[in-house]
Amino acid sequence: MAGVWRQRAAVSADGPRSHGRGTDRMTPHEPVTRSNTPTVSSLIAAGGWRPISNCPGRYLSSIVSAVTPQDLAGPDAEIRVFSVSRAPDPVHVAVLSDGGLISYARPDGRFVHTLNTQSGFDRKLKQLGIES
């Protein structure tokens with residue numbers, strides 16, 4: 001699956017960028033910059049995610065939010081959108097280096113985000129009927 005969509009790595013010519021908040025710690029609900037393109041591991045470590053019961057390798061954002069999948073995955077991540085019969089809402093998918101982000105776009109413009117390790121990501125995409 002990771003071979004189908006690749007997150008394009010980019011480095012800012014002027015070096016690392018700060019969030020402008022006096023901290024280098026990124027939370028899962030802050031937009032990311034090119035210098036801090038996240039991984040599943042880094043987003044989980046930053047907090048705001050809880051394991052999904054009976055779904056090894058899958059984590060749910062603790063809030064439904066207006067933060068977009070692009071905000072979480074980074075400006076250079078390719079976000080693919082799918083309409084599938086197994087999900088009532090459009091499914092936004094981004095491949096990360098150690099898994100992926102699957103987000104569901106609610107009709108009110110907010111998103112439900114899930115982070116997935118590689119095995120959880122592959123399993124959920126198969127369950128949704130999204131082919132690699």
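Per residue Cα convex hull volume for the stretch 40-132, in cubic angstrom?
On the way: hull volume 8.9 nm³, N = 93.
Considering the Cα atoms of the stretch 40-132, their hull volume per residue is 96 Å³.
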Inset, instruction - Would you mind working out the magnitude of the charge dipole of the stretch 49-128 relative to its Cα centre, with +1 at each Lys and Arg C-beta and -1 at each Asp and Glu C-beta, to the nearest 20 Debye? - result: 360 debye
Inset, instruction - Arrange TYR59, TYR104 by Cβ neighbour counts within 10 Å, fewest through most, would you? - result: TYR104, TYR59
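All of the numbers you see were taken from the coordinates with simple rules; none came from a lab. Because the structure is a prediction, the values reported are computed rather than measured. Because the Cβ atoms are built from the backbone with ideal geometry, glycine has one as well, and the counts that use them run over all protein chains shown.
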